[in-house]
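Derivation of every value follows stated rules applied to the coordinates shown; laboratory data play no part. If you're wondering where the values come from, they're calculated on a predicted model, not measured in any experiment. Quick reminder, even Gly has a Cβ in these numbers, built from the backbone with ideal geometry, and neighbours come from all protein chains shown.
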């Protein structure tokens, strides 16, 4: 029994250190920035030409305003016409690493890759029917991005970022594609009628 008598004391010290660490993170500015994909947000986001942030415009770069903790959510409209099978978000600003890529998302992506001392996070899925649907607005969540001058950590007021994506399947067929498909089916049906008539007449 004497062999295990030190365990309660060890657990008490560990619990005390954990509580102190949590209090420090809650009271001060967190040093580890987080990035994740979730539902739509509300922070002002400007596209490459000053318009709204979309999948296509943010390919060239977008800017989102952040709050006093260096956090914000950028609304992105998927105007690509495809499901997004993978999304890679790259931040241009200098910030305090390490970067944490958050795994929770509603789009069927697997665990993200990247982060650490880098400036990118990538979410992807192997399923052609999963990912961010075409025509959907989603949010890129940026949490606790700070920049450290020699004296203290300072929250960033805005972030510049870009989006590189890989399309999955077409989410909504375009009108031109529907017309082409309909014309092809009509021609096929007419051809079958002619062949059927020739069989009845004994021509084939």
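Footprinting exposure proxy ranking of 44, 102, 66, fewest other C-beta atoms within 10 angstrom first, gives 44, 102, 66. Fewest-first ordering of 121, 45 by other beta carbons within 10 Å of each residue's beta carbon gives 121, 45.
Eigen-decomposition of the gyration tensor built on the alpha-carbon atoms of segment 32-175 gives equivalent ellipsoid semi-axes of 27, 16, 11 angstrom, largest listed first.
Run the numbers for residue 32 and residue 59: contour at 0.36 nm per residue of separation, minus the present Cα-Cα distance, in nm.
Contour length minus the Cα-Cα distance gives 7.2 nm.
Once Rg and the Kirkwood radius are both taken over the C-alpha atoms of segment 65-138, their ratio Rg/Rh works out to 0.99. Put in order of Cβ neighbour count within 10 Å, fewest first, the listed residues 59, 92, 77, 145 become 92, 59, 77, 145.
Given R₀ = 41 Å, FRET efficiency for residue 92-residue 129 by Cβ-Cβ distance, to 0.05? For residue 92 and residue 129, the calculated efficiency is 0.80.
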